[in-house]
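The values are calculated or read from the model by the stated rules, or taken from the named source; none is laboratory data. This one's a predicted model, so the numbers in the text were calculated from it and none came from an experiment. Backbone-built Cβ (ideal geometry, glycine too); neighbour counts: all protein chains shown.
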Amino acid sequence: MAELDFITSLTRHKPLSHHPELQLSIGDDCAVVKKDDQISLLYTMDSLISGVHFDLAFHSLYLLGRKAVAVNISDIAGMGGTPKFALLSICLPPSFTPQNQQEFMAGFFSMCDEFGVVLIGGDTVSGECLAITVTLIG
């Protein structure tokens, strides 16, 4: 199933919520939630899967770490927002070494530092291939 078909099927299965604080939801780069009369919060999330979005034969882990944050920063920027907080979920294959982790996280934190983003949590699991999901709040 194609990505857009899946998104369309979501709205057929369960109509979008009409919560009074929800200003924009499924179908855009970011969900927009009203915090108060002055501020709205932006939420975005992107996944990068080995063999689909990158190939480690051509991507250094440092640059992959930067890319994982950058694709989300661009969504926040596209909505006119400022990125603030990140959540990192990563699926680590057995071949992923501590040195690999250091290289990836060095790139991840360099992009975070460049844009004032703070990593506030996430999840780590083991699996067959490297898969990275970043949620950014702005």
Selection count, the stretch 103-138, where residues are of a type in the set (Gly, Ala, Ser) and within 12 Å of PRO83 (Cβ to Cβ): 2
Tally, over the stretch 46-70, of residues that are buried (at least 16 other Cβ atoms within 10 Å of the Cβ) and either assigned to a strand (DSSP E or B) or at pLDDT 95 or above (or both): 14
Residue tally, condition of a type in the set (Asp, Glu) and either outside any helix (DSSP H, G or I) or surrounded by 15 or more Cβ atoms within 10 Å (Cβ to Cβ) (or both), over the stretch 79-113: 1
Residues located in the stretch 25-64, provided they are of a type in the set (S, T, N, Q) and under 16 Å from the mean Cα position of the chain (by Cα): SER25, THR44, SER47, SER50
Considering residues of the stretch 114-127 that are outside any strand (DSSP E or B) and within 16 Å of the chain's Cα centre (by Cα) only, the residue nearest to SER89 (Cα to Cα): VAL117
Odd one out for ASP75 among (1) of a type in the set (D, E, K, R); (2) under 16 Å from CYS30 (Cα atoms); (3) in a loop (DSSP other than H, G, I, E, B): (3)
Cross-chain or 6+ apart pairs with Cβ under 6 Å, the stretch 109-135 first and among the aromatic types (Phe, Trp, Tyr), then not in a strand (DSSP E or B): PHE115/ILE73; PHE115/PRO83
Lone qualifier among VAL125, VAL117 - being surrounded by 14 or more Cβ atoms within 10 Å (Cβ to Cβ) and farther than 14 Å from LEU48 by Cβ: VAL117
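Tell me, which residue of the stretch 26-40 that is closer than 19 Å to VAL71 by Cβ and in a strand (DSSP E or B) is modelled with the lowest pLDDT? Walk me through how you get there before you give the answer.
So the first thing to find is which residues in the stretch 26-40 are closer than 19 Å to VAL71 by Cβ, and the list is 26-32.
Pick out the ones that are also in a strand (DSSP E or B) and you get 31-32.
Numbers: ALA31: 78, VAL32: 75.
Checked the stretch 26-40; the qualifying residue modelled with the lowest pLDDT is VAL32.
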Selection count, the stretch 79-95, where residues are touching a residue at least 24 places away in the same chain (Cβ under 8 Å) and out of contact with any strand residue (DSSP E or B) (no Cβ under 6 Å at 6 or more places or on another chain): 3
Pairs with Cβ under 9 Å, 6+ apart, first in the stretch 44-61 and more than 24 Å from ILE137 (Cβ to Cβ) and in contact (Cβ under 8 Å) with a residue 40 or more places away in the chain, second surrounded by 12 or more Cβ atoms within 10 Å (Cβ to Cβ) and of a type in the set (Asp, Glu): SER60/GLU103; LEU61/GLU103
Residues (crowded, with 17+ Cβ neighbours inside 10 Å and not in a strand (DSSP E or B)) located in the stretch 128-138: LEU130, GLY138
